[in-house]
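Here's the structure we're looking at; comments come further down.
Every read-out reported here was derived from the displayed coordinates using simple, explicitly stated rules and does not represent laboratory data. Nothing here was measured: the structure is a model prediction, and the numbers come from that model. Glycine gets a Cβ as well: all are built from the backbone with ideal geometry, and neighbour counts include every protein chain shown.
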C-alpha cells in the first residue's frame, strides 16, 4: 500500500549524444545533460547539487565511468 514508485529508466541516443556536466564558473552550479554531437546543442536534464544527484543521473541513464565537464 505504501511504497515508492519506481523511477522511470531513461535512455538516450548513444551514437549522437554525449553525457556532460555543464558547470558555471561564477557560482559553481552544475547541470547534467546531453550534448548533441551533430548540432552542438546541450539538453539539460537535472541539477547536480551533490554526489547523490550525480549517482542518480548515472544510474537512471546507465552511464558508467566519469562524465566530462564543460564550462
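Numbers at a glance
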item: Antiparallel content of DSSP bridges confined to the chain, in %, to 5; result: 80
item: Calculated [θ] (222 nm, deg cm²/dmol) that DSSP helices of n ≥ 4 give over the chain, each run adding -39,500 (n - 2.57); result: -4500 deg cm²/dmol
item: Spin-label pair residue 67/residue 27, simplified geometry with 7 Å Cα→Cβ offset, distance in nm; result: 2.0
